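Here's the structure we're looking at; comments come further down.
Nothing in this text is a laboratory measurement; each read-out follows from the coordinates by a stated rule. Since the model is a prediction, treat every value here as computed from it, not as a measurement. Note that each Cβ is placed from the backbone with ideal geometry, even for glycine, and that neighbours are counted across all protein chains shown.
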Amino acid sequence: RQMCIRDRDMVLTADILNRSNTETVLDFDYAFKDPQGQNLLSGHATVPLIADGLTSSIELGRVLHQFIASGNYVLEILNVSGADVEVLSNATVFVPPSIRLEIIQSLNPNEVVPLEGVSVKSNIQVKGVDGE
């Protein structure tokens, strides 16, 4: 079997909650990185926040990417200014390794007559192979 590689279209968003009673403008940089730390998408966002306690959700960008490498793909928020940030959470997309287990089982003999008293030898082989 061959590994099945697909392009995935991802929309990166930030959810921002202004708990202050004053309006502000939040500036920040962002970077979406692969498991080796290479930038797949980066940019800057300026978000006006009103003092209503409601969450603002903004689209940071879209990435069409072929996820080949396994590991953590991380969206980092950097260089935040315009407000004190109480909680900042980076998002992580985990891509598991492309390994699967192949199990082969055999019986010898493979046919047994009931009540015959024949011993049966069972062999189970487990090996890791490239996933799909």
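Does Leu12 count as assigned to a strand (DSSP E or B), free of Cβ contacts under 8 Å to residues at least 40 places away in the same chain and under 17 Å from the mean Cα position of the chain (by Cα)?
no
Can you confirm whether Leu17 is of a type outside the set (Asp, Glu), in contact (Cβ under 8 Å) with a residue 12 or more places away in the chain, out of contact with any Ser or Thr (no Cβ under 7 Å at 6 or more places or on another chain) and surrounded by 11 or more Cβ atoms within 10 Å (Cβ to Cβ)?
Considered against the rule, which asks whether it is of a type outside the set (Asp, Glu), in contact (Cβ under 8 Å) with a residue 12 or more places away in the chain, out of contact with any Ser or Thr (no Cβ under 7 Å at 6 or more places or on another chain) and surrounded by 11 or more Cβ atoms within 10 Å (Cβ to Cβ), Leu17 comes out as no.
For segment 35-85, enumerate the residues that are among the charged types (D, E, K, R) and farther than 19 Å from Asp9 by Cα.
Across segment 35-85, the qualifying residues are Asp52, Asp84.
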